[in-house]
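The values are calculated or read from the model by the stated rules, or taken from the named source; none is laboratory data. What you see is a predicted model, and the numbers here were worked out from it, not measured in a lab. Glycine gets a Cβ as well: all are built from the backbone with ideal geometry, and neighbour counts include every protein chain shown.
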Amino acid sequence: MIAFNKPHETGDELRYITEAIAAAHLSGDGRFTRLAQEWLERETHAARALLTHSCTAALEMAALLGEVGPGDEVIMPSYTFVSTANAFVLRGAVPVFVDIRPDTLNLDEKQVADAVTRRTRAIAAVHYAGVACEMDVLGSIARRHDLLLVEDAAQALGATYRGKPLGTIGDLGALSFHETKNVISGEGGALLVRADGPYAERAEILREKGTNRTNFLRGRVDKYRWVDVGSSFLPSEIVAAFLWGQLQHAHELLLRRLLIWEGYHERFEALERAGVVQRPTIPDHVTHNGHLYYLLVPSARERQAVLERLRALGVHALFHYVPLHSAPAGLRYGRTHRGELPVTDDLSARLIRLPMHYDLGAAELDAVAAAVGEVLGKRVAV
């Protein structure tokens with residue numbers, strides 16, 4: 001059986017969890033939370049990195065910080081996870097779904113400016129598969145219209161755009177440490193605040209249930225009070241300790257993921273040349289992180305045949321997002337730009353995600369490649 005995902009342990013996680021228990025500090029913002037946040041700030045050059053219990057929570061904090069409210073509109077792709085939209089719908093805003101690019105499957109930046117209305121409050125850029133959106137263009141549009149630019153960088157830790165870490169180019173960025181990601185804590189996330197932005201201090205308040213408890217712990221105030229809206233966005237120290245065990249090996253984890261990604265890419269080169277599949281496209285000015293490997297097959301029918309054949313061979317491959325604009329809640333809470341999203345509808349119906357985790361070896365990659373080639377009528381050299 002070749003699993004789609006297999007959470008990888010570096011060997012340090014249990015030791016750090018044991019230390020957290022021995023220190024008798026299991027709630028949030030303990031030693032391991034601070035260590036993880038400092039690591040993220042060093043690696044990403046963010047002004048503040050604040051651990052959260054999920055990437056969803058980080059996106060919800062971004063919506064609060066941007067003061068997104070009823071009647072506002074937020075431009076985003078339909079081809080994304082539901083949290084991208086939910087974070088803003090919870091504040092009463094309307095997601096405006098824009099089509100994606102056929103090469104990177106990211107938000108089509110050429111359509112974003114035309115989607116801006118007097119109600120637009122923010123743009124949510126989703127870096128699909130750890131490959132950057134065109135952030136220069138999106139940033140220019142955001143500045144021109146005074147919009148909040150949020151990066152949904154759930155899949156993008158370690159990836160860059162023109163040398164800049166993803167999650168720190170917009171005003172706010174959200175990371176995920178879900179068990180399917182490159183670096184994990186089971187569930188978990190982080191909010192990144194850009195170095196020259198105004199949001200760092202308020203983000204700490206929102207994260208601490210709307211109190212100034214963080215400043216109290218720093219000795220800056222004599223007691224902490226309720227000073228703003230907020231919620232409980234902190235992860236426990238157990239989660240932070242597990243994450244710290246992963247972050248110590250983050251570069252090793254990233255390199256392994258990239259090697260597996262390259263292994264797939266080489267194996268499917270012949271199929272792409274034959275016009276049978278389309279492999280991922282990585283623009284020259286970005287670096288990706290090997291988060292996932294996908295193929296685009298000629299039709300939805302052939303995708304189903306490939307998935308069924310792989311399943312029969314013990315290979316767990318998956319499709320990906322059902323576009324939000326066609327989902328029941330998407331129809332209820334959002335709207336599309338220009339009525340139809342033909343690229344989104346087409347590609348989402350033809351995409352297959354292949355198994356991707358640290359423990360995949362050459363034999364597993366060969367088996368996956370051979371099975372795909374068999375279904376599509378072409379032998380794959382292994």
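Do we find that Glu252 is loosely packed, with under 15 Cβ neighbours inside 10 Å, under 21 Å from the mean Cα position of the chain (by Cα), closer than 30 Å to Ala22 by Cβ and among the acidic types (Asp, Glu) in this structure? Yes: the conditions hold for Glu252. Of all the residues that make up the stretch 265-291, how many are farther than 23 Å from Arg301 by Cβ and either in a loop (DSSP other than H, G, I, E, B) or of a type outside the set (Lys, Arg) (or both)? Final tally of qualifying residues: 14. In the stretch 33-48, of all residues being touching a residue at least 12 places away in the same chain (Cβ under 8 Å) and more than 17 Å from Arg218 (Cα to Cα), the one that is surrounded by the fewest Cβ atoms within 10 Å (Cβ to Cβ) corresponds to His45.
Within this structure, Ala20 fails the test of being at pLDDT 95 or above, over 30 Å from Glu134 (Cα atoms) and outside the structural domain of Ala122 (by TED's automatic domain parsing). Scanning the stretch 49-75 for residues that are among the hydrophobic types (A, V, I, L, M, F, W, C) and either in a helix (DSSP H, G or I) or free of Cβ contacts under 8 Å to residues at least 24 places away in the same chain (or both) yields Cys55, Ala57, Ala58, Leu59, Met61, Ala62, Ala63, Leu64, Leu65. Scanning the stretch 209-220 for residues that are in contact with a Phe, Trp or Tyr (Cβ under 6 Å, 6 or more places away or on another chain), under 25 Å from Ala87 (Cα atoms) and in a helix (DSSP H, G or I) gives a single hit, Arg213.
Once the stretch 1-32 is narrowed to residues that are polar (S, T, N, Q) and in contact (Cβ under 8 Å) with a residue 40 or more places away in the chain, the residue that is farthest from Pro355 (Cα to Cα) is Ser27. Of Lys181, Lys223, all but one fail to be assigned by TED's automatic domain parsing to the domain that holds Ser54, assigned to a loop (DSSP other than H, G, I, E, B) and within 24 Å of Thr287 (Cβ to Cβ); the exception is Lys181.
Considering the conditions (1) under 22 Å from the mean Cα position of the chain (by Cα); (2) free of Cβ contacts under 8 Å to residues at least 60 places away in the same chain; (3) closer than 17 Å to His265 by Cβ, Arg353 is excluded by exactly one of them, (2).
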